[in-house]
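To keep things clear, I will list the structure first and then write my remarks on it.
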Amino acid sequence: MNEIINFFEQNIEIIYLLTFAVFLGFEIISKIPTVLHTPLMSGSNAISGVVLIGAILVIRVTEPTNYFALIMATLGIVLGTINLVGGLAVTSRMLEMFNKKKK
Amino acid sequence: MNIVILDGVLFVASVLLIIGLRKLSHPDSASNGNRLAAVALALGVIVALVYPLETQNNNYIYIVAGICIGGIIGIISAKKVPMTAMPEMVSLFNGFGGLSAALISLVWLVNNHFVSEATELGIVLFNLFLGLVAFIGSMVAYGKLSGSLKDEHLRIPYSTILNSLLLIIAIVLIIIFSYSGQLSISQTVLFSILSLLYGITFVAPVGGADMPVVIATLNALTGITAAISGVITDNKLMLLGGVLVGSSGIILTLLMCKAMNRSVISVFFGNFSGAKEAG
């Protein structure tokens, strides 16, 4: 129990940030028109490609001789990049189509 | 390089990400929003590459190779996919993101020789769980949308009860493992298999027609794992981006249900009742 209380004390800033970000996310999306549901889903999916950053940070502290961890982390980077780059490209294609339709 | 400058860049990237998401939710500025998000994420990746760390083994060769391979696969598959197959493509990408987060947890465990203090270990295990659920769930959703998995293939008896049971076991295991402060490799494997099973029973009962809603939910899940990965690796941009995706994904789930005239409960626990043919 003490450990959990300590954790809260040490990470209070992060807990604030988390709470505000949750409300921010709710606010940003709550007024979205129905036509944008799919592009937004795709766009926010691309944003979840930020995991790439985590994969990079984790591989940078991995020992160069620990091949199992290196392979896993490299796979993580490949998959994270696909999520990020592919997601952004797919979203921009969707939005292009959307703009054409409007004209 | 100076840490202050790098932190500043990360801060700017966070602001750009928020503005990007904001613009994405308006029809006229959506394209610009997508571009802004891309810039923000690129900045974040660059900072992650050069940020000073405690032990710097760097392993840049693996990073560059991974980014090149992933980038090429991502661009080609995004360009080639026909417009009608977009939802399953998003689902596939989402699954990759989830697996990536799960792998981050796994590598973190290996790097720390499977030993850590309770709260930290609990967070990492929870992240492993969510990442694997998001991964396998998205794969099932992809299978259902692309037609390779029919609803009939996945008719699991008592899926709601089984599903709840698996979730309880997973939570209990997380608590037990984190209190013991260490894990064995076989325990990790067992826990991963359990997570994957939970992911399957979570998505299996949802009918093909309701899949877009599920993808929005799984997307939120990937966002949350990204945020937790941000806590594990101590990166604020990941934390912010992940939480934004998480909360917006949950709202989007509710909005999509409303647009389809379905309640969230009927989507996830309806067991095909009222669900139309996949298509």
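Summary of computed values
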| quantity | calculated |
| --- | --- |
| Of all residues making up the range A:87-103, the number that are without any contact (Cβ under 8 Å) to a residue 24 or more places away in the chain and in a helix (DSSP H, G or I) | 9 |
| Residue check, A:E63 open to solvent by 60 Å² or more (accessible area, probe 1.4 Å) and outside any loop (DSSP other than H, G, I, E, B) | no |
| Only listed residue being modelled with pLDDT under 95, touching a Pro at 6+ places or on another chain (Cβ under 7 Å), not assigned by TED's automatic domain parsing to the domain that holds B:V9 and not aromatic (F, W, Y), chosen from B:L149, B:L145 | B:L145 |
| Among the candidates B:F191, B:F202, residue that is touching a Gly at 6+ places or on another chain (Cβ under 6 Å) and more than 12 Å from every other protein chain (Cβ to nearest Cβ) | B:F202 |
| Out of B:S184, B:S100, B:S164, B:S192, sole residue that is closer than 18 Å to B:V206 by Cβ and not hydrophobic (A, V, I, L, M, F, W, C) | B:S164 |
| Extreme residue, surrounded by the fewest Cβ atoms within 10 Å (Cβ to Cβ), among residues of the range B:111-159 that are among the β-branched types (V, I, T) and in a helix (DSSP H, G or I) | B:T119 |
| Qualifying positions in the range B:47-64 - open to solvent by less than 40 Å² (accessible area, probe 1.4 Å) and either small (G, A, S) or assigned to a helix (DSSP H, G or I) (or both) | B:V47, B:A48, B:I63 |
| In the range B:12-28, the residues that are of a type outside the set (A, V, I, L, M) and facing another protein chain (nearest Cβ under 7 Å) | B:R22, B:S25, B:P27 |
| Failed criterion for B:K80 (all others in (1) more than 7 Å from every other protein chain (Cβ to nearest Cβ); (2) within 22 Å of B:G143 (Cα to Cα); (3) buried (at least 22 other Cβ atoms within 10 Å of the Cβ) hold) | (3) |
| Residue identified as in contact (Cβ under 8 Å) with a residue 40 or more places away in the chain, within 7 Å of chain A (Cβ to nearest Cβ) and farther than 30 Å from B:A48 by Cα among B:M256, B:M211 | B:M256 |
| Those residues of the range B:1-30 which are within 22 Å of B:L252 (Cα to Cα) and open to solvent by less than 30 Å² (accessible area, probe 1.4 Å), in sequence order | B:S14, B:L17, B:G20, B:L21, B:L24, B:S25, B:S29, B:A30 |
| Helices (runs of 4 or more DSSP H) wholly inside the range B:163-279 that include at least 1 residues being at positive phi | none |
| Residue among B:V267, B:V231, B:V245 that is surrounded by 22 or more Cβ atoms within 10 Å (Cβ to Cβ), touching a residue at least 40 places away in the same chain (Cβ under 8 Å) and not assigned by TED's automatic domain parsing to the domain that holds B:A48 | B:V267 |
| Helices (runs of 4 or more DSSP H) (entirely within the range A:1-58) containing at least 2 residues that are within 18 Å of B:M238 (Cα to Cα) and facing another protein chain (nearest Cβ under 7 Å) | A:12-29, A:37-47 |
| Which numbered condition B:W108 fails, given (1) under 15 Å from B:T233 (Cβ atoms); (2) surrounded by fewer than 21 Cβ atoms within 10 Å (Cβ to Cβ) | (2) |
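The values are calculated or read from the model by the stated rules, or taken from the named source; none is laboratory data. Bear in mind that the values here come from a model prediction, so they are computed numbers and not experimental data. When we count neighbours, we look across all protein chains shown, and the Cβ atoms used for this are built from the backbone with ideal geometry, even at glycine. These accessible areas exclude ligands, DNA and RNA; they are computed on the full protein's heavy atoms, side chains included. Shrake-Rupley method; radii C 1.70, N 1.55, O 1.52, S 1.80 Å.
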